[in-house]
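Student: Below is one structure. I have some questions about it.
The values are calculated or read from the model by the stated rules, or taken from the named source; none is laboratory data. Since this is a predicted model, take the numbers as computed values, not measurements. With ideal geometry, Cβ positions are generated from the backbone for all residues, glycine too; neighbour counts draw on all protein chains shown. When the accessible area is computed, the model is the full protein with side chains, heavy atoms only, and any ligands, DNA or RNA have been set aside. Shrake-Rupley method; radii C 1.70, N 1.55, O 1.52, S 1.80 Å.
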Amino acid sequence: MTKPRRWALFTGAALAVSALLAGCSGGGSATTGTKSDEINYALPANFTPNWILPIGTAAHLNTNNGSIAQSLYERLIAYDGSTGKIAWNKAGSVATDADFADDGKSVTITLGDRHWSDGEAITSRDVEFWFNLIKANAQDWGSYSEGKAPDNWSSFTTVDDTHFTIAFDQAYNQDWMLANQLSYIIPLPQHAWDKTSASAEVTDADRTPAGAKQVWKYLNTAAGKIADYDSDPLWKTISGPYGLSSFTTAGKVQLTANGKYDGGEKASIKTVNLLPFTTADAETNALRSGAVDYGYINATDLDQEDSFTAKGYEVDPWTGWAITYMPYNFNNPDMGAVFKQLYARQAVQMSIDQKSLSKVVFNGTATSTYGPIPQAQESDYVSDVQEDNPYPFSTKKAKALLTSHGWTAKGGTMVCTDAGSGADQCGEGVAEGTEFTMQVLSQSGSTVTDNMMSAVQSSLAKTGIGFTIKTAPVSSVLSQTPTCTSDEDSCDWDLSFFGTAGSWYFPAYPTGESLFSTGGSANFGSYSNEEVDALIDATTTSTDTSAVQDYSAAVAKDLPVIWLPSPDYQISVKKSGLTGFDQDSLANFHPAQWKWSK
């Protein structure tokens, strides 16, 4: 989902190295100086990897976890945007072909001649194993959206060891099925993992729902023991170009080339050190000292580009296929009723000056977001309604909108003084005396994010909307702002922000079933709109691009979240001579593609 970065500065080489050791939260030093068989890669500040199982739960969906897992366990069908166009990367996939039936209601997949690191062949049984686990545990799968995969997959049929057929409950858009559904599948080593405990024998437990639940519990329990990743034999049977050498609880990860890998993306660099940082200050300092081969700087530091190029680095913004937003908690027992009023959401959105934020806070390296489709790249998916910004910035108009709906400014803050459901009243469920105040739990570790939140606070104040800011590491933000019902203690949050480098990175086909459909797996604020649900369903079944544009227009107008500028994924800084870093707009990193040219 989201993926941050951030920083500040010390001076002097000695301080830089000490800052790396202190700020690099995994402890221990990274190797300084470049070697043809090693690379030091800086992970986002305060964004600690914490998951290895290639099946994500809601709290473990960040792209760094995904990129690490996919280095060990290749996807059935991997999509990659690093060539400039998002497409199926067959070199990095286990599948070699997908043949859809004429009626569009099934697909037959062909597997390549591939093997696990222990020599066992990767077969249709390994895909069936994944399929059975997901079918039996869909509600616990982080990528689940009701009615989508695996609900829309009616059966799995093995043809032979390298061919299988998945049938659908109806015909679907083939691009969507490949890019947004079948791409979830990751063949898992059934011969090593299909057991209910560490001491149990491997069986076909996954072939019953009860057994699949037990296997799921065993695998997820093991994945929660980060300190055991190095020693647990579970994580030694791999299919990807890299294996795991170490993974500390602080998030320092070392990957080593898998000598038994027989796929199409064989690693050129033997050792990859993934370095976590508690602050972006330490990361920037490590860059200056030469201790990092590939890292990032703050957008506001672009005026210092020459100081990095003089040290042998290249600076290159990394644009993402993403949108950025703050979700409302529509089920909050106090403010949920306010958030459910469209006029209230319109007033908030009109109080956000995205163009100024992009220019001043992001130094021009962010794109205004006016709806649910990425706008930093050209595409046929963005509607005219979204592109033209249905709610231009105007705190004057925003304030007038509130006062025309029963709100009165008292002490600088809008208060509901005319409760009721009439056209000129506060709206259903909004009690008299309610103050229009909101608190955001925002991702920490980013000066840019902090500056943006302060600017938003000032702008909302001009409308009469109170806005307080609380910060926490992104993992805490996600865990403290869950999907909830109003009677749950965990439902006391108003707004959540986890988008320092973009809140949501899409697959190739940018539909909204996870984000904005009722019950969607990443619909954290419990937004629900029957019209939008129907439009989302249409984007998955129609081959006409107007279906996506209709969805784009409706969501842009209905404001399920607060749209914010979408920053470049990061401003990348890499050592000259490091190639293969064609930056993936899907925000994954691909260490097997990297090479040293000198």
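Student: How many residues, within region 556-595, are of a type outside the set (Lys, Arg), assigned to a strand (DSSP E or B) and at pLDDT 90 or above? Don't jump to the end; show me each part of the working.
Tutor: Going through region 556-595, the residues of a type outside the set (Lys, Arg) turn out to be 556, 558-573, 576-594.
Now restrict to residues that are assigned to a strand (DSSP E or B): 561-564, 566-567, 570-573, 578-579.
Filter once more, keeping what is at pLDDT 90 or above: 561-564, 566-567, 572-573, 578-579.
Residues that pass the stated criteria total 10.
Student: Right, next: For region 394-448, what are the residues that are under 38 Å from the mean Cα position of the chain (by Cα), assigned to a strand (DSSP E or B) and not β-branched (Val, Ile, Thr)?
Tutor: Trp407, Met414, Cys416, Gly427, Glu435, Met438, Gln439, Leu441, Ser442, Gln443, listed by residue number.
For every residue, the table says whether it meets (1) of a type in the set (Phe, Trp, Tyr); (2) at pLDDT below 80; (3) in contact with a strand residue (DSSP E or B) (Cβ under 6 Å, 6 or more places away or on another chain); (4) open to solvent by 40 Å² or more (accessible area, probe 1.4 Å).
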| site | (1), (2), (3), (4) |
| --- | --- |
| Leu21 | no, yes, no, yes |
| Trp51 | yes, no, no, no |
| Asn62 | no, yes, no, no |
| Tyr73 | yes, no, no, no |
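Student: Only one of these is at pLDDT 95 or above, charged (D, E, K, R) and out of contact with any strand residue (DSSP E or B) (no Cβ under 9 Å at 6 or more places or on another chain): Asp537, Asp544, Asp533. Name it. Step through it out loud before you land on a result.
Tutor: Working: Asp537 fails: at pLDDT 95 or above; Asp544 fails: at pLDDT 95 or above.
Sole residue among the options that is at pLDDT 95 or above, charged (D, E, K, R) and out of contact with any strand residue (DSSP E or B) (no Cβ under 9 Å at 6 or more places or on another chain): Asp533.
Student: What number of residues in region 165-218 are acidic (Asp, Glu), surrounded by fewer than 16 Cβ atoms within 10 Å (Cβ to Cβ) and part of a loop (DSSP other than H, G, I, E, B)? Break it down into steps so the answer makes sense when it comes.
Tutor: Keep residues of region 165-218 that are acidic (Asp, Glu), which gives 169, 175, 194, 201, 204, 206.
This time we only want the ones that are surrounded by fewer than 16 Cβ atoms within 10 Å (Cβ to Cβ), so: 169, 175, 201, 204.
In the following step, the residues that additionally are part of a loop (DSSP other than H, G, I, E, B) were identified as 169, 201, 204.
Total meeting the criteria: 3.
Student: Next question. What pairs can you find where one residue is in region 506-520 and hydroxyl-bearing (Ser, Thr, Tyr), the other is outside any loop (DSSP other than H, G, I, E, B) and open to solvent by 10 Å² or more (accessible area, probe 1.4 Å), and their Cβ atoms are less than 7 Å apart, with a gap of 6+ or different chains?
Tutor: Pairs found: Tyr509/Asp175; Ser517/Asp533; Thr518/Asp533.
Student: Report, by residue number, each residue of region 243-301 that is under 24 Å from Ser475 (Cα atoms), touching a helix residue (DSSP H, G or I) at 6+ places or on another chain (Cβ under 6 Å), open to solvent by 10 Å² or more (accessible area, probe 1.4 Å) and among the hydrophobic types (A, V, I, L, M, F, W, C).
Tutor: Leu244
Student: Related question: For region 490-526, enumerate the residues that are hydroxyl-bearing (Ser, Thr, Tyr), surrounded by 24 or more Cβ atoms within 10 Å (Cβ to Cβ) and in a loop (DSSP other than H, G, I, E, B).
Tutor: Residues of region 490-526 that are hydroxyl-bearing (Ser, Thr, Tyr), as a first pass: 490, 496, 500, 503, 505, 509, 511, 514, 517-518, 521, 526.
With surrounded by 24 or more Cβ atoms within 10 Å (Cβ to Cβ) added as a condition, the list becomes 496, 500, 503, 505, 511, 517, 521.
Within region 490-526, Thr500, Ser503, Thr511, Ser517, Ser521 meet the criteria.
Student: Tell me yes or no: at least one residue of region 334-343 is under 30 Å from Ser231 (Cα atoms) and within 27 Å of the chain's Cα centre (by Cα).
Tutor: Looking only at region 334-343, we keep the residues that are under 30 Å from Ser231 (Cα atoms), and these are none.
So far as region 334-343 goes, no, none of its residues is under 30 Å from Ser231 (Cα atoms) and within 27 Å of the chain's Cα centre (by Cα).
Student: Check off (1) in contact with an Asp or Glu (Cβ under 7 Å, 6 or more places away or on another chain); (2) at pLDDT 95 or above for Ala171 and give me the number that stays unchecked.
Tutor: Looking at each condition in turn, Ala171 falls short on (2).
Student: Filter region 88-132 for residues that are crowded, with 16+ Cβ neighbours inside 10 Å, small (Gly, Ala, Ser) and not in a loop (DSSP other than H, G, I, E, B) and give the result.
Tutor: Gly92, Ala95, Ala98, Ser106, Ser124
Conditions tested, residue by residue: (1) closer than 22 Å to Glu428 by Cβ; (2) of a type outside the set (Val, Ile, Thr); (3) surrounded by fewer than 15 Cβ atoms within 10 Å (Cβ to Cβ).
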{"site": "Leu342", "(1), (2), (3)": "yes, yes, yes"}
{"site": "Ala347", "(1), (2), (3)": "yes, yes, no"}
{"site": "Ile352", "(1), (2), (3)": "no, no, no"}
{"site": "Val360", "(1), (2), (3)": "no, no, yes"}
{"site": "Thr367", "(1), (2), (3)": "no, no, no"}
{"site": "Asp384", "(1), (2), (3)": "no, yes, yes"}
{"site": "Gly411", "(1), (2), (3)": "no, yes, yes"}
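Student: Kindly evaluate Lys135 against the criterion of being surrounded by fewer than 22 Cβ atoms within 10 Å (Cβ to Cβ), modelled with pLDDT of 95 or more and under 29 Å from the mean Cα position of the chain (by Cα).
Tutor: Numbers: surrounded by fewer than 22 Cβ atoms within 10 Å (Cβ to Cβ): yes; modelled with pLDDT of 95 or more: yes; under 29 Å from the mean Cα position of the chain (by Cα): yes.
In short, yes.
Student: Would region 450-460 turn up any residue that is open to solvent by 40 Å² or more (accessible area, probe 1.4 Å) and in a loop (DSSP other than H, G, I, E, B)?
Tutor: No: region 450-460 contains no residue that is open to solvent by 40 Å² or more (accessible area, probe 1.4 Å) and in a loop (DSSP other than H, G, I, E, B).
Student: Among Asp353, Asp301, which is the only one that is out of contact with any strand residue (DSSP E or B) (no Cβ under 8 Å at 6 or more places or on another chain) and in contact (Cβ under 8 Å) with a residue 12 or more places away in the chain? If you could, list the steps in order and put the result at the bottom.
Tutor: On the way: Asp301 fails: out of contact with any strand residue (DSSP E or B) (no Cβ under 8 Å at 6 or more places or on another chain).
After applying the criteria, what remains is Asp353.
Student: Among the candidates Phe308, Phe330, which residue alone is within 28 Å of Val430 (Cα to Cα) and in contact (Cβ under 8 Å) with a residue 12 or more places away in the chain? Please lay out each step first, then the result.
Tutor: Details: Phe308 fails: within 28 Å of Val430 (Cα to Cα).
After ruling out the rest, the residue left standing is Phe330.
Student: So which of Gln214, Gln254 ends up being free of Cβ contacts under 8 Å to residues at least 60 places away in the same chain and within 14 Å of Glu38 (Cβ to Cβ)?
Tutor: Gln254
Student: Of the conditions (1) part of a helix (DSSP H, G or I); (2) over 29 Å from Thr157 (Cα atoms); (3) open to solvent by less than 40 Å² (accessible area, probe 1.4 Å), Ala227 satisfies every one except a single condition; which number is it?
Tutor: Only one criterion in (1) part of a helix (DSSP H, G or I); (2) over 29 Å from Thr157 (Cα atoms); (3) open to solvent by less than 40 Å² (accessible area, probe 1.4 Å) is unmet by Ala227, namely (3).
Student: Please work out which residue is nearest to Leu478 (Cα to Cα), limiting yourself to region 142-164 and to residues that are surrounded by fewer than 17 Cβ atoms within 10 Å (Cβ to Cβ), at pLDDT 95 or above and not polar (S, T, N, Q).
Tutor: Here the answer is Asp151.
Student: Here is a further query. Open to solvent by less than 50 Å² (accessible area, probe 1.4 Å) and within 25 Å of Ala522 (Cα to Cα): does that describe Gly312?
Tutor: Details: open to solvent by less than 50 Å² (accessible area, probe 1.4 Å): yes; within 25 Å of Ala522 (Cα to Cα): no.
No.
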